[in-house]
Amino acid sequence: MNELTATRGSSSKRRATLNAVGLIVLVLGIVGACVVYAIGQNHSAGQSANGDGTWQDGSLAPYDSKSFSHDVQMYNGTMGVLVMKWWDLCDALKRPESMAMLIAAGSAVVACGCFMAAKRNNGA
């Protein structure tokens, strides 16, 4: 009987620890995502104009045209087009909005893992 009580006590400690770790990871992830987003927005606001005072339009890069894609495919094949799309994706992930979303989603996944482990530990 005493061993059963000791096992339940350590099990509830482990469950409480996992829940606390999950909560801390979730809060730190959300705060970190907000900080990354705020810093990135402030940094990009300072770079909205070129050094000579002219406006920089970043809506369409030169490599987004159909002729560029055609040339890449003609000279490098389909693999060249896939590499160019991969580089575009990597550039998109460098933006503060994308980084903040990745940080928040990653912390949410880790926190959910901690919460599910705590719940599973409760049943054991």
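The values are calculated or read from the model by the stated rules, or taken from the named source; none is laboratory data. In this text the structure is predicted, and so the values were computed from the model without any measurement. Note: ideal-geometry Cβ built from the backbone for every residue, glycine included; neighbour counts use all protein chains shown. All accessible areas refer to the heavy atoms of the entire protein, side chains included, with ligands and DNA or RNA removed. Shrake-Rupley method; radii C 1.70, N 1.55, O 1.52, S 1.80 Å.
For region 94-104, which positions are open to solvent by 70 Å² or more (accessible area, probe 1.4 Å) and assigned to a helix (DSSP H, G or I)?
Answer for region 94-104, where residues must be open to solvent by 70 Å² or more (accessible area, probe 1.4 Å) and assigned to a helix (DSSP H, G or I): GLU97, MET99, MET101, LEU102.
Only one of LEU18, LEU23 is under 30 Å from ALA111 (Cβ atoms), surrounded by 15 or more Cβ atoms within 10 Å (Cβ to Cβ) and either modelled with pLDDT of 85 or more or in contact with an Asp or Glu (Cβ under 6 Å, 6 or more places away or on another chain) (or both); which?
Of LEU18, LEU23, the one residue that is under 30 Å from ALA111 (Cβ atoms), surrounded by 15 or more Cβ atoms within 10 Å (Cβ to Cβ) and either modelled with pLDDT of 85 or more or in contact with an Asp or Glu (Cβ under 6 Å, 6 or more places away or on another chain) (or both) is LEU18.
All but one of (1) at pLDDT 80 or above; (2) within 17 Å of the chain's Cα centre (by Cα); (3) more than 30 Å from ALA117 (Cβ to Cβ) hold for SER98; state the number of the condition that does not hold.
SER98 satisfies all of (1) at pLDDT 80 or above; (2) within 17 Å of the chain's Cα centre (by Cα); (3) more than 30 Å from ALA117 (Cβ to Cβ) except (3).
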